[in-house]
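Participant: Questions regarding the structure given below will be posed in turn.
The values are calculated or read from the model by the stated rules, or taken from the named source; none is laboratory data. Remember, it's a predicted structure, so these values are computed and weren't measured experimentally. So basically every Cβ, Gly included, is an ideal-geometry build from the backbone, and we count neighbours across all protein chains shown. All accessible areas refer to the heavy atoms of the entire protein, side chains included, with ligands and DNA or RNA removed. Shrake-Rupley method; radii C 1.70, N 1.55, O 1.52, S 1.80 Å.
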Amino acid sequence: MDDHKIFKVSRRDFIKTTSVGVTGLLIGVSVSCTDNKKNLTGDPQSRFTPNFFITINGSGDVTLIAHRSEMGTGIRTSLPLIIADELEADWNRVKIEQALGDIKYGDQNTDGSYSVRMFFMPLRKAGAFARTMLEQAAAKEWGVDVSTCKAVNHEVVHTSGKSFGFGYLAAKAALLPLPDENKVTLKSPKDFKYIGKTSSIVDIQDIVTGKARFGLDVNIPNCKIAVIKRNPEPGAGVKSFNPDEANKISGVVKIFKLDAPGFPTNFFKPLGGIVVVAENTWSALKGRDALKISWEKGKNADYTSSSYIANMMKGAKSKGKVRRENGDVDKAFKQSKTILEAEYIVPHLPHSPMETPCAVALFKDQTCEVWAPTQDPQGARKALAGVLGIDEKAITVNVTLLGGAFGRKSKPDFIVEAALISRNIGGPVKVLWTREDDIQHDFFHAPSAQYIKVGIDKNNTVDAWLHRSVFPSIGGTAVDQANEPSGGELSLGMIDMPYDIKNVRCETQQAPTKIRIGWLRSVSNIQHAFAIGSMVDEIAFARGVDPVQNLLDMIGEDRKIDFTSLTKELENYNEKQEDFPWETARFKNVIRVAKEKSNWGKQLPKGSGQGIAVHRSFLTYVACVVEVSVDANNKITIPKVDYVVDCGLAVNPERVKSQFEGGASFSTSIALKSEVTVKDGAVVESNFNNFFLARMSDAPLETAVHIIETNEKPTGAGEPPVPPFAPALCNALFAATGKRIRQLPVKLSA
Amino acid sequence: MATYHINVNGQDQQVEAMPDTPLLWVLRDNLQLTGTKFGCGIAQCGACTVHLDGNATRSCGLLISSIGTQKITTIEGLSAPGLHAVQKAWIEENVPQCGFCQTGQVMSAVALITQNSNPTDAEIDTAMSGNICRCGTYERIKKAIKRASTPKPN
Ligand code: FES
Ligand code: FES
């Protein structure tokens with residue numbers, strides 16, 4: 001296969017090879033072109049590389065670096081679009097090159113819905129600097145003032161009408177010093193050509209023809225295939241094993257033990273187990289099936305998720321550690337006219353991206369090259385350096401397309417596995433995780449138990465809010481001491497509770513981590529939005545107020561909420577509150593628009609209902625209205641979902657929409673289908689025959705996504721669809737059936 | 001190991017494999033046709049969908065020894081070098097997100113459209129229910145299938 005070659009071609013060769021074809025084309029054009037005032041191209045070998053993200057060659061080809069990982073959000077398209085827009089490049093002349101893992105690009109860890117938020121300005125500047133230098137180069141050529149030169153669609157045009165192509169200017173711009181920042185002006189948003197407009201993803205043709213290369217598809221010469229039998233109890237080791245039967249399988253080449261890390265495992269260490277290396281996948285799988293292994297029992301051999309959750313719920317009902325306290329809830333409850341109490345449970349959830357974890361590695365002469373669908377190539381590089389004991393410079397991390405990730409592929413454990421196996425066998429290897437491996441050995445979303453108590457006073461105002469959230473912390477996967485949710489985890493939907501309530505207390509309890517816990521799309525916003533979004537709906541009914549009006553009542557006046565005065569622990573998605581304040585007006589706006597767009601309160605037949613929930617996560621404000629209908633057999637159908645999204649300026653609105661459409665389906669899985677349980681240390685579910693995801697017949701029939709038009713700073717779109725969906729759906733189920741749902745996944749017959 | 005002769009995308013191929021090897025791994029490992037994906041290995045997700053004499057089939061559950069002379073079509077042979085009407089519709093509707101499930105989805109959709117040029121919503125649901133998309137592109141898949149379908153004359 002060609003992958004090896006494709007990946008091995010150096011950046012310079014890449015530029016050279018691609019320029020040949022285009023140069024030919026352009027020479028053809030200019031020869032037949034009568035307008036000889038136009039100089040389009042220069043020496044094809046020349047290159048203008050004003051920064052790590054942009055290269056323009058003498059033929060006018062623009063190569064832009066995509067430094068974040070493509071896992072379905074469209075980021076490989078959207079970030080280069082930002083550069084191209086400021087650069088005034090013609091998008092049809094742009095080639096995208098995926099970056100290796102390297103700190104020179106800045107942050108490459110593609111998670112937290114912050115790719116656009118973090119890189120919108122830096123990449124605009126990168127584009128604007130290059131554009132300015134091209135304009136300066138043209139001005140110099142013509143001996144005119146630079147203010148009379150303007151880059152327009154791959155050319156710099158003088159006020160007199162004459163112009164130079166970017167290709168022609170490349171060599172000349174390359175000789176100029178970087179301009180002062182104050183000489184560089186960013187475009188006015190009204191002049192954006194690509195930002196805010198619809199653009200198809202750059203990989204679409206390859207995807208629908210099967211040419212797109214995911215991690216699973218990487219193939220380098222002489223590459224062996226490895227699968228690993230891991231202890232059902234994550235982190236525990238191997239007592240003994242017998243490889244004899246496995247060795248008899250044709251094609252099996254080597255069987256050996258990979259040490260187990262114990263528990264906590266940490267995020268980068270492989271789980272260990274028995275490795276079967278074979279000539280092909282089927283031999284490896286058969287060999288693995290034929291292994292006889294006796295497993296050690298580790299410290300979590302007693303972990304059973306049902307009793308663990310029951311225990312957490314006990315904790316949630318008694319006084320815990322205070323994480324936010326305003327006013328005096330105990331005193332307020334004494335005077336409440338109405339008190340509401342509810343308990344909420346969300347189970348373990350796996351990521352289960354359609355492409356299971358996989359990686360190819362070649363360890364050779366104290367260097368290591370890997371090809372992997374990783375969200376975090378720099379993290380992988382660092383992990384590899386640590387585990388292999390070699391310098392980071394000796395490690396090359398190639399990032400393939402990711403067949404989904406949702407947080408799973410930010411952990412490099414599977415890449416480290418590949419590297420260790422390659423070192424052991426002295427040649428290239430691909431590690432494959434089967435679906436069973438994936439579901440049973442994931443970094444799971446934490447199971448959670450929550451308790452919320454609300455007091456409504458004699459004026460029908462909510463004046464007391466007590467919320468306890470209990471779940472094992474992600475940190476517990478790395479260190480024993482992290483046995484209570486962190487401030488960061490609570491900032492995802494709990495202590496940033498925005499409602500204008502005088503007396504508030506948020507508490508947590510200890511819950512030791514007993515299996516690998518990780519971050520799943522929107523993380524603890526999942527359970528917090530479910531609990532709060534459901535409770536707020538209960539409040540509406542207790543107050544006798546329409547749920548939409550209730551939300552508006554509870555959020556209160558237009559203001560920027562100053563959380564620093566409310567809790568010391570809030571992390572505003574790593575942004576300063578003054579840069580990205582919590583604005584109630586934006587929250588109210590998405591609610592009002594949702595009311596209108598969803599035709600809230602419309603007449604629906606018996607067994608149908610609408611529900612609403614609103615949530616700000618990753619600095620994006622989202623209102624979600626779900627319409628459900630439930631038939632006589634309790635079958636749930638979702639005819640319509642309306643999302644209203646304020647994510648600041650939407651760079652690629654089409655991809656924002658697709659994230660929300662997909663988010664509705666992803667969240668349907670969480671709300672109605674998915675659950676992972678653990679018994680005696682081992683995960684019970686194993687594949688799509690006993691672990692369920694939404695299929696076409698389960699997913700919403702229509703998801704309308706309404707994006708608020710604004711020039712506010714862009715925020716995120718990958719994760720924000722998820723949090724409000726399940727509570728909106730459950731509130732709709734209440735409207736349809738009169739049943740309150742407080743545990744996911746929904747079981748209506750229970 | 002045994003030798004098998006199979007017809008893939010109109011070409012006769014000779015492959016060495018164990019008799020119980022699923023076609024999926026023969027395509028991917030022996031023939032380097034990696035457009036056909038692995039998602040579950042137990043005929044539950046549709047990522048590995050190919051056509052066997054024109055019928056959508058999960059290649060992960062199809063043993064190489066059971067194929068005989070039946071003709072196999074994979075995404076690579078669907079319509080190359082051009083695009084099939086279903087692929088065009090996929091592009092026009094901007095269906096894919098991560099893209100991993102999409103070749104399997106396209107293969108299922110093409111089999112459906114070939115056998116039923118104007119499927120109803122319910123028929124689409126049934127034909128496509130074996131294909132999971134974790135990214136949740138179902139609504140657009142449905143739109144693309146409708147775009148590619150031909151309304152019945154009169
Ligand atoms: S891999 Fe064949 S159906 Fe999932
Ligand atoms: S597009 Fe990602 S799984 Fe379908």
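Participant: Which value in Å is the Kirkwood Rh of the stretch A:169-271 over different Cα pairs?
Facilitator: 21.1
Participant: Here's a follow-up. Whole-Hz Karplus ³J(HN,Hα) for the stretch A:645-661, in order, using 6.51 cos²θ - 1.76 cosθ + 1.60 and θ = phi - 60°, x for Gly and Pro?
Facilitator: Result, rounded to whole Hz: 10, 10, 10, x, 5, 8, 5, 10, x, 4, 6, 4, 4, 5, 4, 6, 4.
Participant: Could I ask something else about it? Assign one of three labels to the stretch A:289-336, namely rounded, prolate or oblate, based on the Cα gyration tensor with a ≥ b ≥ c the square roots of its eigenvalues; rounded applies when a/c is under 1.5, prolate when it is not and a/b is larger than b/c, and oblate otherwise.
Facilitator: Verdict is prolate for the stretch A:289-336.
Participant: Just to verify a number: what accessible area does A:Arg124 come out at with the full protein assembly present, 1.4 Å probe, Å² rounded to tens?
Facilitator: 20
Participant: Also, I was wondering about something else. At q = 0.14, 0.15, 0.16, 0.22 Å⁻¹, what base-10 log of I(q)/I(0) does the Debye formula yield for the stretch A:267-316 when every alpha carbon is treated as an equal point scatterer in vacuo?
Facilitator: The Cα Debye sum returns log10 ratios of -0.65, -0.69, -0.73, -0.91.
Participant: OK, next. Taking θ as phi - 60°, what are the ³J(HN,Hα) couplings along the stretch A:141-158 by the Karplus curve (6.51, -1.76, 1.60), each to the nearest whole Hz, with x for Gly and Pro?
Facilitator: 4, 7, x, 10, 6, 4, 5, 8, 10, 9, 6, 9, 6, 6, 9, 10, 10, 8
Participant: Who wins for biggest fluctuation among B:Gln105, B:Gln32, B:Gln44 in a Gaussian network model of chain B, springs between alpha carbons below 10 Å?
Facilitator: Between B:Gln105, B:Gln32, B:Gln44, it is B:Gln32 that shows the largest mean-square fluctuation.
Participant: Roughly how many nanometres apart are two label points built 7 Å out from the Cα toward the Cβ at A:Lys713 and A:Asp365?
Facilitator: Output for this residue pair reads 4.7 nm.
Participant: Please grab the % of Cα pairs in chain B that end up more than 19 Å from each other.
Facilitator: In whole percent, the share of Cα-Cα pairs in chain B beyond 19 Å is 51.
Participant: To the nearest 0.05, how large is the calculated FRET efficiency for A:Val479 and A:Asp289 if R₀ is 30 Å and r is the Cβ-Cβ distance?
Facilitator: Numbers: r = 36 Å, r/R0 = 1.19.
So, using R0 = 30 Å, E works out to roughly 0.25.
Participant: Here's a follow-up. If each residue of separation counts as 0.36 nm, what is the full-extension length gain between A:Asn459 and A:Asn92 once their alpha-carbon separation is subtracted?
Facilitator: The span from A:Asn459 to A:Asn92 would gain 125.9 nm if fully extended.
Participant: On a 30 Å Cα-Cα criterion, which of the cross-link pairs A:Lys314/A:Lys382; A:Lys502/A:Lys595; A:Lys257/A:Lys382 come out too long?
Facilitator: Pairs exceeding the cut-off: A:Lys314/A:Lys382.
Participant: Once neighbouring chains are kept in place and the probe is 1.4 Å, which whole percent of the accessible area of the stretch A:423-545 is contributed by carbon and sulfur?
Facilitator: Carbon with sulfur: 46 percent of the solvent-accessible area.
Participant: Considering Cα pairs under 8 angstrom that are at least six residues apart, work out the relative contact order of the stretch A:315-398 and quote it in whole percent.
Facilitator: 20
Participant: Additional query: If each Cα of the stretch A:32-127 is one equal point scatterer, what is log10 of I(q)/I(0) from the Debye formula at q = 0.10, 0.16 Å⁻¹?
Facilitator: Taken in order of the listed q values, log10 I(q)/I(0) reads -0.30, -0.67.
Participant: Averaged across orientations, what area in nm² does the convex hull of the alpha carbons in the stretch B:2-77 project?
Facilitator: On the way: hull surface 16.7 nm².
The orientation-averaged projected area of the Cα hull of the stretch B:2-77 comes to 4.2 nm².
Participant: GNM on chain B, C-alpha springs below 10 Å: top fluctuator among B:Cys98, B:Cys45, B:Cys60?
Facilitator: B:Cys98
Participant: Which one, B:Gly46, B:Gly35, B:Gly104, has the greatest fluctuation when you compute a Gaussian network model over chain B with C-alpha springs under 10 angstrom?
Facilitator: For chain B, modelled as a Gaussian network with Cα springs under 10 Å, the answer is B:Gly35.
Participant: Also, I was wondering about something else. Enter the Cα centre distance for the pair the stretch B:121-138 and the stretch A:362-398, rounded to the nearest angstrom.
Facilitator: Result: 38 Å between the Cα centres.
Participant: If you bin the C-alpha pair distances of the stretch A:622-675 every 10 Å from 0, what whole percents do you get?
Facilitator: It works out to 20, 47, 25, 8, 1, in whole percents.
Participant: Still on this structure, please answer the following. Considering only protein heavy atoms and a probe of 1.4 Å, how much of the accessible area of the stretch A:557-642 is carbon and sulfur, as a whole percent?
Facilitator: Percent of accessible area from carbon and sulfur atoms in the stretch A:557-642: 44.
Participant: Could I ask something else about it? Report the dimensions of the stretch A:14-201 along its three principal axes from the alpha-carbon atoms, largest first, rounded to Å.
Facilitator: Projected onto its principal axes, the Cα set of the stretch A:14-201 covers 51, 37, 31 Å.
Participant: A further question on this structure: Based on Cβ point charges of +1 for Lys and Arg and -1 for Asp and Glu, what charge dipole magnitude is obtained for the stretch A:135-229 about its Cα centre, in debye rounded to the nearest 20?
Facilitator: 320
Participant: Take the alpha carbon atoms of the stretch A:547-566, find their center, do the same for the stretch B:8-33, and report the distance between the two centers in whole angstrom.
Facilitator: Computed from Cα coordinates, the inter-centre distance equals 61 Å.
Participant: Still on this model: Shape call for chain A from the C-alpha gyration tensor, a ≥ b ≥ c root eigenvalues: rounded (a/c under 1.5), prolate (a/b greater than b/c) or oblate?
Facilitator: Numbers: a/c = 2.09, a/b = 1.22, b/c = 1.71.
Judged from the Cα gyration tensor, chain A comes out oblate (a/c at least 1.5, b/c at or above a/b).
Participant: State the Cα centre-to-centre distance between the stretch A:662-677 and the stretch A:212-228 in whole Å.
Facilitator: 30
Participant: At 1.4 Å probe size, with every protein chain present, just tell me what the per residue accessible area of the stretch A:159-245 comes to in Å².
Facilitator: Heavy-atom accessible area per residue stands at 45 Å².
Participant: Using only the alpha-carbon atoms of the stretch A:601-694 as identical scatterers, what base-10 log of I(q)/I(0) does the Debye formula give at q = 0.25 Å⁻¹?
Facilitator: Those come out to -1.27, one per q.
Participant: Quick one: angle between helix B:102-115 and the longest Cα principal axis of chain B, in degrees between 0 and 90, rounded to 10, please.
Facilitator: 70
Participant: When the chain is fully extended, how far beyond the present Cα-Cα distance does A:Lys104 get from A:Ala174, taking 0.36 nm per residue of separation? It would help to have the intermediate numbers written out before the result.
Facilitator: Values: separation 70, 0.36 × 70 = 25.20 nm, distance 2.00 nm.
Contour length minus Cα-Cα distance gives 23.2 nm.
Participant: Please work out the FRET efficiency for the pair A:Gln335 and A:Asp631, using the Cβ-Cβ distance as r and a Förster radius of 51 Å; give the result to the nearest 0.05.
Facilitator: Computed FRET efficiency for A:Gln335 and A:Asp631: 0.70.
Participant: Something else about it: Taking the Cα centre as origin and putting +1 on Lys and Arg beta-carbons and -1 on Asp and Glu beta-carbons, what dipole magnitude results for the stretch B:85-149, to the nearest 20 debye?
Facilitator: Numbers: 7 positive and 6 negative charges, 31 e Å.
With Lys and Arg at +1 and Asp and Glu at -1, about 140 debye.
Participant: Mind checking A:686-694 for the average number of partner chain beta-carbons within 10 Å of each residue's beta-carbon?
Facilitator: 4
Participant: Translational diffusion coefficient of the stretch A:321-381 at 37 °C, 0.692 mPa s, Stokes-Einstein with Kirkwood Rh over Cα pairs, in µm²/s as a whole number.
Facilitator: Roughly 182 µm²/s, to the nearest whole number.
Participant: Tell me, what is the percent relative contact order of chain B, built from C-alpha pairs under 8 Å that lie six or more residues apart?
Facilitator: Computed over chain B, the figure is 23 percent.
Participant: Taking a threshold of 26 Å on the Cα-Cα distance, which of the pairs A:Lys319/A:Lys679; A:Lys211/A:Lys254; A:Lys453/A:Lys588; A:Lys713/B:Lys88 fall above it?
Facilitator: A:Lys319/A:Lys679; A:Lys211/A:Lys254; A:Lys713/B:Lys88
Participant: Taking every pair of alpha-carbon atoms in the stretch B:85-149, give the share separated by more than 21 Å as a whole percent.
Facilitator: Values: 182 of 2080 pairs.
When all Cα pairs of the stretch B:85-149 are counted, 9 percent exceed 21 Å.
Participant: Starting from the Cα coordinates of the stretch B:51-95, work out the convex hull volume and express it per residue in Å³.
Facilitator: Expressed per residue, the convex hull around the Cα atoms of the stretch B:51-95 is 89 Å³.
Participant: Given a 1.4 Å probe and no ligands, DNA or RNA in the count, how much accessible surface is buried by A and B, both sides, to the nearest 100 Å²?
Facilitator: 4800
Participant: Follow-up. If you plug each phi of the stretch A:82-90 into the Karplus form 6.51 cos²θ - 1.76 cosθ + 1.60 with θ = phi - 60°, what whole-Hz ³J(HN,Hα) values come out, in order, with x for Gly and Pro?
Facilitator: 5, 4, 4, 5, 5, 6, 6, 7, 7
Participant: Using a/c under 1.5 as the rounded threshold, could you call the stretch A:381-475 rounded, prolate or oblate? The axes a ≥ b ≥ c are square roots of the C-alpha gyration tensor eigenvalues, and prolate needs a/b larger than b/c, oblate otherwise.
Facilitator: prolate
Participant: Looking at the protein assembly as shown only, what percent of DSSP beta bridges run antiparallel? Nearest 5 please. Spell out each step's value before the answer.
Facilitator: Values: 98 of 128 bridges.
Among the beta bridges of the protein assembly as shown, antiparallel pairing accounts for roughly 75 percent.
Participant: Quick one: if the Förster radius is 41 Å, what FRET efficiency do B:Met1 and B:Thr150 give, using the C-beta to C-beta distance and rounding to 0.05?
Facilitator: Given R0 = 41 Å and the Cβ-Cβ separation, E is 0.35.
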